[in-house]
Amino acid sequence: MSKSRFTEEQMVAIFREADRTPIAEVSKKHKVSEQSIHVRRRKFRDDCLSLEWFRTRVKARVVIESWRCHYSQVRPHPSLKYLTPIEFKTHYHPGHQGAVPQP
């Protein structure tokens, strides 16, 4: 299993930068493929923004933060053998490079 080299906050900053700058430049600068940026944006749009109609910016921030927490912490991740991060941590040693199963 490979770990992302960017934190979630760094990815959000990259996406914000891609809003102001051509994606090709942003992808070269951060060594991220253009496809990765498009895929993550599409996932966010499909899973969160398409389902909500925001009347205020505060409501948008609350809903988006709730979705982000669910996406990052609650839903099963393919890279974690379809476990949630919490389930993965209980099954594997935290911090061990090879993630050896506990007995």
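Read-outs throughout are calculated quantities, based only on the coordinates presented, and are distinct from any laboratory measurement. Because the structure is predicted, anything quoted here is derived from the model rather than measured. Please note: Cβ atoms are built from the backbone with ideal geometry, for glycine as well, and neighbour counts cover all protein chains shown.
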Original post:
Label-point separation (nm) for Lys59 and Glu17, each offset 7 Å from Cα along Cα-to-Cβ?
Top reply: 3.4
**OP:** Please give every one of the lysines within straight-line cross-link reach of Lys89, meaning a C-alpha to C-alpha distance under 27 Å, and leave out same-chain neighbours fewer than 8 residues apart.
**Re:** Lys3, Lys43, Lys81
**OP:** For His77, enumerate residues with amide H under 5 Å from its amide H, sequence gap 5+ or separate chain, H modeled in the peptide plane.
**Re:** Tyr82, Leu83, Thr84
Original post:
Shape of the range 8-91 from its Cα gyration tensor (a ≥ b ≥ c, root eigenvalues): rounded if a/c is under 1.5, otherwise prolate when a/b > b/c, or oblate?
Top reply: oblate
Original post:
Sorted from fewest to most neighbouring beta carbons within 10 Å, what does the list Tyr71, Tyr82 look like?
Top reply: Tyr82, Tyr71
Subject >> Computed label-point distance, nm, for sites Arg41 and Arg75 using a 7 Å Cα→Cβ extension >> reply: 1.8
